[in-house]
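Let me begin by presenting the structure, written as structure tokens, before commenting on it.
The values are calculated or read from the model by the stated rules, or taken from the named source; none is laboratory data. The structure displayed is predicted, hence computed values, not measured ones. Positions of Cβ are generated from backbone atoms using ideal geometry, with glycine treated the same way; all protein chains shown enter the neighbour counts.
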There are 2 protein chains.
Amino acid sequence: MTGAPVVLDAMGGDRGPDATVAGAVLAVRDHGVPVLLAGRADEIADRLRRHGATGEVGVLHAEDAVPMTERGPGALGRERSSLAVGCRAVRDRDGAGLVSAGSTGAVVSCAVRTVGRAEGVLRPALVIALPNLAGGATVLVDAGATADPTPEMLAQFATLGAGYARRVLGVADPRVGLLTIGAEPGKGNRLVRRAAELVAALPLRSAGNVEGHDVLTGAVDVLVTDGFTGNVVLKNIEGTVRATLELVARQGLAAPADLRRVAAFYDPETHGGAALLGLAGTVVVAHGSSSPRALARACAVARDLAAGDRAGGRADG
Amino acid sequence: MTGAPVVLDAMGGDRGPDATVAGAVLAVRDHGVPVLLAGRADEIADRLRRHGATGEVGVLHAEDAVPMTERGPGALGRERSSLAVGCRAVRDRDGAGLVSAGSTGAVVSCAVRTVGRAEGVLRPALVIALPNLAGGATVLVDAGATADPTPEMLAQFATLGAGYARRVLGVADPRVGLLTIGAEPGKGNRLVRRAAELVAALPLRSAGNVEGHDVLTGAVDVLVTDGFTGNVVLKNIEGTVRATLELVARQGLAAPADLRRVAAFYDPETHGGAALLGLAGTVVVAHGSSSPRALARACAVARDLAAGDRAGGRADG
């Protein structure tokens, strides 16, 4: 693999550099992704040494770090944070893309400010590809970037999500649905009712309204919602999968070890990260509790997305 | 069982009088709940005859019916619908409570107009008791009555939900949480951030913010959200349970017949109905696709809620 490295925010995530440095080493060794770690050089160097990986992973020194409790705008003042330094590297094309397991709000704020929005985009959206029962994936957009979008923003999310489904998942003509309550036209809240009219006017294959029970069935390729509902749904899926498997285990119907394979299907460990769409560069937000394996996978996703951006076509990921 | 009968909307629900008449017969025979069926007398009488139940179930003639596609205000003009006739029976204390599997929006509109709100209540809320992993139940409020509440309404939902947990579930001092994104104070959308301040000022045991993955863990006794998010979450749980069990079955880990026992745990068949709180009378909204068994259970819930209202204490359900 050649090209600019993926920049990994070494200080982001609940487990800090212990997880991120290990993740960078895995990204290089297992996925062939060149990685540049942004963060405190001494803390990174120590850990690279322990992995016997000095020289395998680049380091971009940043003496400050954004705390995980920072929910957004406060991150902007920290010009020397690993997040800010990483975003600038992507803006300046020293990095192919950024991966951070930091606070989603902070990553979104900093990336929008530094990397900038793509032309015409009002607000960015997080997209996550959820494996569905039809054997494919359903793109959930927005999964948490913009908690209070306008109907116009929601309509843009539909276009962004459809682009992701085409380029990354290879779906030629994705079916796009709006998440709402009640499948009949006219149901939902004010936001969705207005957005439905805007989406219907877009050059997209509209699948109409989708209810909560169809999120995982593969009824649509792209499921559009606001960042609040999207994030609640994403985490509700995680919790419900765990609860269901726990009940199966308690009834003695299957062995917990076997059930963990099913859990892995929806685990953030597996999907690796959420892409922040609508920016002028590639940004992937990993789960705050990401393991090294999940971070390595997120680096591979960032590489593939960046390659797709360059090629203007389908990523090879 | 003595006292006023529960009024069951015979024309509501996807399966119409075929399901509701059978449900009424089961309610009388299996649960000892006296039932009055509101709807077209001839259609009801035919079916009662087929069940050999003529005389066991009362009939309140109503020649009109609200279509399932009616999402709310349009139901108000239909004074002779089974829904309107049923609501008036509850208002006039001829019925202990109303059960309808009609369109949620229509039931809410009609019940609010006819039965009326309890004093001081801004908007009603649907509550549903979700079985949780801790062995109890978590009261989800609002599960779909008010899609666009104000922060003040959301704070009232907290009080209504806590009252339900105390009276119906017997939880002495229920822990009340707000569903949001990010557990830290200050996260969420505009609605939740403002509502959090209002809820904190109430005489309730506040458990702070709850994320989507904790809906089923029993982290709180009452989970407060707007009716749009609540309805999406409720249906997302149903869909995710089904998807998870499907994956377990596909991997050959357990027999589908055994897995259906786990599915039943969260099935609308089991919880029977959602109570519409904040009204001057008892109203239970059953799932549109309710089977006779689910409708019978909803009638029993309505009887128990009405008994609790009369006693001002814990229902015996």
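Summed over the stretch B:215-232, the residues that are hydrophobic (A, V, I, L, M, F, W, C) and either surrounded by fewer than 24 Cβ atoms within 10 Å (Cβ to Cβ) or more than 7 Å from chain A (Cβ to nearest Cβ) (or both) give a count of 5. Taking the criterion of being within 13 Å of chain A (Cβ to nearest Cβ) and in contact (Cβ under 8 Å) with a residue 40 or more places away in the chain, the residues of the stretch B:194-214 that qualify are B:Arg194, B:Ala195.
Of the numbered criteria (1) more than 14 Å from chain A (Cβ to nearest Cβ); (2) surrounded by 22 or more Cβ atoms within 10 Å (Cβ to Cβ); (3) closer than 30 Å to A:Val232 by Cα; (4) not polar (S, T, N, Q), the one B:Leu83 fails is (3).
Yes or no, residue by residue, for (1) without any contact (Cβ under 8 Å) to a residue 12 or more places away in the chain; (2) assigned by TED's automatic domain parsing to the domain that holds B:Ile128; (3) aliphatic (A, V, I, L, M):
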{"position": "B:Ala243", "(1), (2), (3)": "yes, yes, yes"}
{"position": "B:Ala249", "(1), (2), (3)": "yes, yes, yes"}
{"position": "B:Pro256", "(1), (2), (3)": "yes, yes, no"}
{"position": "B:Ala263", "(1), (2), (3)": "no, yes, yes"}
{"position": "B:Ala286", "(1), (2), (3)": "no, no, yes"}
{"position": "B:Ser291", "(1), (2), (3)": "no, no, no"}
{"position": "B:Ala294", "(1), (2), (3)": "no, no, yes"}
{"position": "B:Cys299", "(1), (2), (3)": "no, no, no"}
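Taking the stretch A:103-124 as the search range and keeping residues that are away from chain B (no Cβ under 14 Å) and among the aliphatic types (A, V, I, L, M), which one is surrounded by the most Cβ atoms within 10 Å (Cβ to Cβ)? Residue satisfying both the conditions and the ranking: A:Ala111. Residues that are touching a Pro at 6+ places or on another chain (Cβ under 9 Å) and not hydrophobic (A, V, I, L, M, F, W, C) were ranked within the stretch B:1-11; the one that is surrounded by the most Cβ atoms within 10 Å (Cβ to Cβ) is B:Pro5. Taking the stretch B:33-43 as the range and being within 16 Å of B:Pro67 (Cα to Cα) and either at pLDDT below 95 or not hydrophobic (A, V, I, L, M, F, W, C) (or both) as the test, the residues that pass are B:Gly39, B:Arg40. Against the condition part of a strand (DSSP E or B), in contact (Cβ under 8 Å) with a residue 12 or more places away in the chain, of a type in the set (A, V, I, L, M, F, W, C) and within 14 Å of another protein chain (Cβ to nearest Cβ), how does A:Leu191 come out, does it pass? Considered against the rule, which asks whether it is part of a strand (DSSP E or B), in contact (Cβ under 8 Å) with a residue 12 or more places away in the chain, of a type in the set (A, V, I, L, M, F, W, C) and within 14 Å of another protein chain (Cβ to nearest Cβ), A:Leu191 comes out as no. Could you please let me know if B:Val220 is part of a strand (DSSP E or B), at pLDDT 95 or above and of a type in the set (Val, Ile, Thr)? So B:Val220 fails the test.
Meeting the requirement of 2 or more residues that are over 16 Å from A:Asp9 (Cβ atoms), the strands (runs of 3 or more DSSP E) wholly within the stretch A:41-145 are A:125-131, A:137-141.
Comparison of A:Val248, A:Val241 shows that the only residue that is facing chain B (nearest Cβ under 7 Å) and over 20 Å from B:Lys235 (Cβ atoms) is A:Val248.
Checking each residue in the stretch B:218-238 for being within 16 Å of the chain's Cα centre (by Cα) and acidic (Asp, Glu) picks out B:Asp226, B:Glu238. Among the residues in the stretch B:200-212, are any crowded, with 19+ Cβ neighbours inside 10 Å, within 20 Å of A:Phe265 (Cα to Cα) and touching a Leu at 6+ places or on another chain (Cβ under 9 Å)? Within the stretch B:200-212, one or more residues are crowded, with 19+ Cβ neighbours inside 10 Å, within 20 Å of A:Phe265 (Cα to Cα) and touching a Leu at 6+ places or on another chain (Cβ under 9 Å). With respect to being surrounded by fewer than 20 Cβ atoms within 10 Å (Cβ to Cβ), touching a residue at least 24 places away in the same chain (Cβ under 8 Å) and hydroxyl-bearing (Ser, Thr, Tyr), A:Thr69 fits the description. Do we find a residue being at pLDDT 90 or above, on the phi > 0 side of the Ramachandran plot and more than 9 Å from every other protein chain (Cβ to nearest Cβ) anywhere in the stretch A:276-283? Yes, the stretch A:276-283 has at least one match. Checking each residue in the stretch B:151-172 for being touching a helix residue (DSSP H, G or I) at 6+ places or on another chain (Cβ under 8 Å) and either part of a loop (DSSP other than H, G, I, E, B) or within 14 Å of another protein chain (Cβ to nearest Cβ) (or both) picks out B:Pro151, B:Leu154, B:Val168, B:Val171, B:Ala172.
No other residue among A:Leu247, A:Leu253, A:Leu295 is of a type outside the set (Val, Ile, Thr) and buried (at least 24 other Cβ atoms within 10 Å of the Cβ) apart from A:Leu295. Residue pairs whose Cβ atoms lie under 6 Å apart, sitting 6 or more positions apart in sequence or on different chains, and linking a residue in the stretch A:39-54 that is farther than 15 Å from A:Gly23 by Cβ to a partner that is β-branched (Val, Ile, Thr), are A:Ala41/A:Val59.
Exactly one residue out of A:Asp18, A:Asp30, A:Asp14 is under 18 Å from A:Leu295 (Cα atoms), surrounded by fewer than 21 Cβ atoms within 10 Å (Cβ to Cβ) and either at pLDDT below 95 or outside the structural domain of A:Ala306 (by TED's automatic domain parsing) (or both): that is A:Asp14.
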